[in-house]
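For reference, the structure discussed in these notes is given below.
The values are calculated or read from the model by the stated rules, or taken from the named source; none is laboratory data. These numbers come from a predicted model, not from an experiment. Don't worry about glycine lacking a Cβ; one is built from the backbone with ideal geometry, like all the others, and counts go over all protein chains shown. Heavy atoms of the whole protein, side chains included, go into the accessibility calculation; ligands, DNA and RNA do not. Shrake-Rupley method; radii C 1.70, N 1.55, O 1.52, S 1.80 Å.
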Amino acid sequence: MTKEEQLNVLKKIISIQTVNQNEAELADYIASLFQPYVGDDVKVEKVNYAPGRDNLVVTIGNGGKVLGYSGHMDVVDPGDLDAWDSNPFDPVVKDDKLYGRGACDMKSGLSALVVALLEMLEKGEKLPGTIKLLATVGEETGNYGAGELTKQGFADDLDGLVIAEPRDDLKTITYACKGVIDYHVTSVGKAAHSSRPEMGINAIDNLFEFAKQAKEELAKFDHEDLALGKLTHVISLISGGEQINSVPSEAKLGGNIRTIPEYPNQVVYDKLEKIIDDLNQKPGFNLSINYTFPEESMGGDPDAPLIKLAQKVVQDSLGFTPGVGTSTGANDGQEFTQSKKDFTSIIIGPGSNTSHMPNEFVNLDAYYNAIKFYQDFAHAFLN
């Protein structure tokens with residue numbers, strides 16, 4: 001492909017609006033690019049998650065070591081369009097940067113993977129192993145697609161996984177990340193006139209008591225992981241009551257917890273649920289809890305062979321050696337590494353620090369470099 005053709009793939013992928021949904025249209029487009037090569041050594045599969053939401057799996061090669069390449073197809077909402085200098089879904093190139101929603105997170109990485117594999121097929125290369133492209137839905141809101149693919153066994157044969165999330169324009173390799181728990185607590189009370197509070201049960205007061213105990217108890221989880229730091233807990237949502245002169249009959253609270261390997265998610269669930277159970281033994285308390293977006297933390301070894309190989313390939317191909325780091329955010333690797341086979345998952349991809357921001361962009365040099373890196377890394381890994 002020429003650079004113009006490589007750029008056109010990225011532009012098309014950004015122009016398909018996949019704001020927390022509609023990934024099936026993008027999966028269809030990517031599948032169409034690989035369709036001319038489908039045969040004994042190339043397989044294209046769409047794996048449905050929900051209406052309009054298809055994951056895509058492209059397998060190239062037969063047998064040997066299996067390298068996984070992964071990118072998610074969804075993007076976050078562009079927000080206030082007046083904060084953008086251009087239409088976020090009509091990508092614009094200016095000063096060697098491409099602007100658009102997803103340009104950084106992470107359609108540039110996904111596009112680089114797609115182009116890298118297409119060019120390898122275009123050249124008629126025969127691989128000594130297998131590459132599996134895993135394009136997922138719903139990463140931004142819960143890694144749903146990766147979870148579905150993992151459940152169906154698509155990661156069970158992987159020997160290594162590279163996720164093309166943005167990391168300092170390929171200058172950092174991420175190998176570990178914190179887990180995630182979003183929890184939601186509902187407190188049910190009894191309405192009464194505020195001038196006669198003794199006749200009601202204040203749902204907000206009871207919710208505050210839960211919040212106090214949760215902060216105190218989770219603060220005791222104070223071990224500091226050498227790579228990921230400490231568990232963090234933020235109460236981030238609260239609502240309740242009907243009007244100013246009524247005792248509130250219902251209140252809700254939401255919190256976000258980032259876990260570390262020393263405190264698996266189940267340990268946190270047990271602690272929160274014990275607080276709920278103990279409070280519900282007291283008169284007037286009626287609390288319940290549920291969870292969304294649960295992801296286990298993903299540890300790792302900064303000296304893992306996969307990381308060393310990626311560093312060598314970047315140095316040989318691009319002339320610099322990426323550093324090694326960790327992340328407090330979640331990624332699809334946390335789902336894929338729960339497969340039946342143990343393997344190392346790393347993140348390295350093109351992208352600025354403008355994820356989820358207005359005027360999100362990718363440096364085009366980083367995009368082109370990523371295409372070359374993913375090709376060279378596949379050869380180094382599989383040989």
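Does any residue of region 291-310 turn out to be open to solvent by less than 40 Å² (accessible area, probe 1.4 Å) and over 27 Å from G145 (Cα atoms)? No, region 291-310 contains no residue that is open to solvent by less than 40 Å² (accessible area, probe 1.4 Å) and over 27 Å from G145 (Cα atoms).
Mind listing whichever residues of region 29-57 are β-branched (V, I, T) and within 22 Å of V19 (Cα to Cα)? Spell out how you get there, then give the answer.
Residues of region 29-57 that are β-branched (V, I, T), as a first pass: 30, 38, 42, 44, 47, 57.
I30, V47, V57 - these are the residues of region 29-57 that are β-branched (V, I, T) and within 22 Å of V19 (Cα to Cα).
One residue stands out among those in region 220-246 that are open to solvent by 100 Å² or more (accessible area, probe 1.4 Å) and hydrophobic (A, V, I, L, M, F, W, C): the one that is farthest from the chain's Cα centre (by Cα), which is I244. Residues in region 335-379 that are surrounded by fewer than 20 Cβ atoms within 10 Å (Cβ to Cβ) and in contact with a Cys (Cβ under 6 Å, 6 or more places away or on another chain): S352, T354, S355. Only one entry in E25, E45 is modelled with pLDDT of 95 or more and open to solvent by 60 Å² or more (accessible area, probe 1.4 Å), namely E25.
Filter region 54-103 for residues that are of a type in the set (D, E), farther than 21 Å from N8 by Cα and surrounded by 22 or more Cβ atoms within 10 Å (Cβ to Cβ) and give the result. Even if it seems obvious, please write down each step before you answer.
Going residue by residue through region 54-103, those that are of a type in the set (D, E) are 54, 74, 77, 80, 82, 85, 90, 95-96.
Next cut, farther than 21 Å from N8 by Cα only: 54, 77, 80, 82.
Passing the criteria: only D54.
Do we have V268 as within 15 Å of F221 (Cβ to Cβ), of a type in the set (V, I, T) and surrounded by 17 or more Cβ atoms within 10 Å (Cβ to Cβ) here? Working first, answer last.
Values: within 15 Å of F221 (Cβ to Cβ): yes; of a type in the set (V, I, T): yes; surrounded by 17 or more Cβ atoms within 10 Å (Cβ to Cβ): yes.
Answer is yes for this residue.
Taking the listed residues L7, L67, L118, the one that is closer than 25 Å to D157 by Cα, in a helix (DSSP H, G or I) and not charged (D, E, K, R) is L118, with no other qualifying.
Scan region 78-136 for residues that are among the β-branched types (V, I, T) and without any contact (Cβ under 8 Å) to a residue 60 or more places away in the chain and jot them down.
Keep residues of region 78-136 that are among the β-branched types (V, I, T), which gives 92-93, 114-115, 130-131, 136.
Listed by number, the list holds a single entry, V92.
The residue that is farthest from the chain's Cα centre (by Cα), among those in region 29-42 that are open to solvent by 70 Å² or more (accessible area, probe 1.4 Å) and farther than 16 Å from N62 by Cα, is P36. Taking region 297-383 as the region of interest, the helices (runs of 4 or more DSSP H) fully inside it that hold 1 or more residues being closer than 18 Å to V115 by Cα are 305-318, 364-382.
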